[in-house]
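Participant: Encoded as C-alpha cells, here's the structure I'll be asking about.
The values are calculated or read from the model by the stated rules, or taken from the named source; none is laboratory data. Please read these numbers as outputs of a predicted model, since none were measured by experiment. Methodologically, a virtual Cβ is constructed for each residue, glycine included, from the backbone with ideal geometry; neighbour enumeration extends over all protein chains shown.
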Amino acid sequence: MTTRRTFLAGTAAAIATPFLNKRAFAAQTIDVQIGSSHPTNNIWVWAMQNALQPEVNRLLDEAGGNYTVRFHENYGGTLYKFKDTRAAVRDGIVDIGMVGTVWEGSKMPLQNVTYFTPFANSDLRVVIDIFDELTDTLPALRAGWENQNMVHISSLITDSYDVYSNFEINSFDDISNRRLNAPGTSANWLSGTGATPVNGALTTYYTDIQTGVSEGTLSFASGIYPTRVYEVAPYLTRVGLGSMYFGGIGVNKRFFDRQPEEVQAAIRQAGKITSQRHGDYVEEKARTGLTNMQEAGLKIHDLPEAEKLRWAESLPNVTRPWLDSTGPDAKVVLDAYFAALRDRGITPLRDWDKEA
C-alpha cells in the first residue's frame, strides 16, 4: 500500500531527476578536427594534445556541462605538411591547428617581428606573455590572423637560439669564415659576421655537420636534444640570439563563429592556459635536454657580454628590409613589442625600434 510519505518521496525524486541528470541528457557533443604538421613529441604539438584538448572539456564541464568536444586528432602531418599549416586552418582542413607563422613571411609578416630583432630577449615566458597580449589588443596583429580566416588562441615559442658547433667559440671573431646552419630569416643573424649561413632544418643539421656541409647551427636546446645534433656539434656557446615567437594555435574562423558563446569562451580560455603550459613544457625540455646533453659530453660556454655586443652591433639593420616590405603596421608592431619588453624589465642588447 502506497503511503503518503512514499508518494511524496517518489514525487520529489521524479521532479528532481531531470535536474540531477541535466548534464547527462542535455550535453551536446561538438566534433572538432584538430591537427598539425608535426608529431606529438614536438614542443608545439605537445601543447595542443596535452593542454588544449583536456582544458577545453574541463572548462565546458565547469560551465555546466551543456557541451562537450570530441577531438579527432590529425597529428604528425597526416593531412598536411609544415609549409601548409596556415592554409590548412584557413581552409578548414582542420578546425584547430598549429600555424607556423615563421614559414609565412609573405602572408603573415607582422607575426615574425622577433625573427627580425635578434638579441632582444631570451626569456620565453616574456615572449608568450607579450604575444598573447598583443595579439588580443593590437588590431594589426589580430587582423593578421582574421584576414586569413583564423582566430589566434595561443602563442607558440622557442627557447633561446644559441650556437651549437664542432669548434670552440670564445670570441665573436671565432665564427668568421665558418659555415653555420641558419635557415630562413635566421640567416640574417650572420650578416656582417664573416660566417656563411647554410640552409637546413632540425632534421638535416646532424648530417650537414657530420658531412662537413656546415660546422654548426643556430638553434635551441629543446630542438637540438631530440635530434642528437650535440653528438656532432659538441660545443654549445650561449650567445642569446633570443627566444622567438614561432606561431600560434589557430581556429578556423568560420568554424569558431558558428559555435555557441559558451564553447567559444572555453576555447579562448583554454588557449591562454595552453600558452602557459606550453611555456612550462618548453622550459622543462630545454632544462633536461641541456643536462642530458652535458652528461653526454656537450661543453657549454657563455660568450662574454662584450663579445655578444660586438656580434649584435656588427649586424646591418636587419629590421629595415622587413619594415620596408611590410608597410606602416610593421613599425606599430615593432614599437609595441619593444615597449612591452621594456615594461617587463627587459633591456634589449640592440634597440632595433630606435633605428627604424
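Participant: Counting only residues that are in a loop (DSSP other than H, G, I, E, B) and either in contact (Cβ under 8 Å) with a residue 60 or more places away in the chain or within 13 Å of the chain's Cα centre (by Cα) (or both), which one in the range 105-122 is nearest to Ala143 (Cα to Cα)? I'd like the intermediate steps shown before the answer.
Facilitator: First, pick out the residues of the range 105-122 that are in a loop (DSSP other than H, G, I, E, B): 105-108, 117-122.
Going one step further and asking which of them are either in contact (Cβ under 8 Å) with a residue 60 or more places away in the chain or within 13 Å of the chain's Cα centre (by Cα) (or both), we end up with 105, 117-122.
Details: Gly105: 15, Thr117: 22, Pro118: 25, Phe119: 27, Ala120: 25, Asn121: 25, Ser122: 27 Å.
For the range 105-122, the residue satisfying everything is Gly105.
Participant: Yes or no: the range 57-67 includes at least one residue that is under 20 Å from the mean Cα position of the chain (by Cα) and either on the phi > 0 side of the Ramachandran plot or modelled with pLDDT of 95 or more (or both).
Facilitator: No, there is no match, as no residue in the range 57-67 is under 20 Å from the mean Cα position of the chain (by Cα) and either on the phi > 0 side of the Ramachandran plot or modelled with pLDDT of 95 or more (or both).
Participant: Given Tyr245, Tyr235, which one is closer than 30 Å to Ala312 by Cα, buried (at least 24 other Cβ atoms within 10 Å of the Cβ) and among the aromatic types (Phe, Trp, Tyr)?
Facilitator: Tyr245
Participant: Determine whether the range 12-30 contains at least one residue that is modelled with pLDDT of 95 or more, under 29 Å from Gly289 (Cβ atoms) and either under 23 Å from the mean Cα position of the chain (by Cα) or not in a loop (DSSP other than H, G, I, E, B) (or both).
Facilitator: The answer is no, given that none of the residues of the range 12-30 is modelled with pLDDT of 95 or more, under 29 Å from Gly289 (Cβ atoms) and either under 23 Å from the mean Cα position of the chain (by Cα) or not in a loop (DSSP other than H, G, I, E, B) (or both).
Participant: If you don't mind, there's one more thing I want to ask. Which of the residues that make up the range 85-104 are within 13 Å of the chain's Cα centre (by Cα) and closer than 18 Å to Ala187 by Cβ?
Facilitator: Across the range 85-104, the qualifying residues are Gly100, Thr101, Val102, Trp103.
Participant: Do we find a residue being of a type in the set (Gly, Ala, Ser), in a helix (DSSP H, G or I) and free of Cβ contacts under 8 Å to residues at least 40 places away in the same chain anywhere in the range 316-327?
Facilitator: So far as the range 316-327 goes, no, none of its residues is of a type in the set (Gly, Ala, Ser), in a helix (DSSP H, G or I) and free of Cβ contacts under 8 Å to residues at least 40 places away in the same chain.
Participant: Kindly check whether there is at least one residue in the range 132-147 that is in a strand (DSSP E or B), out of contact with any Asp or Glu (no Cβ under 9 Å at 6 or more places or on another chain) and touching a residue at least 24 places away in the same chain (Cβ under 8 Å). Reasoning before the result, please.
Facilitator: First, pick out the residues of the range 132-147 that are in a strand (DSSP E or B): none.
The answer is no; no qualifying residue exists.
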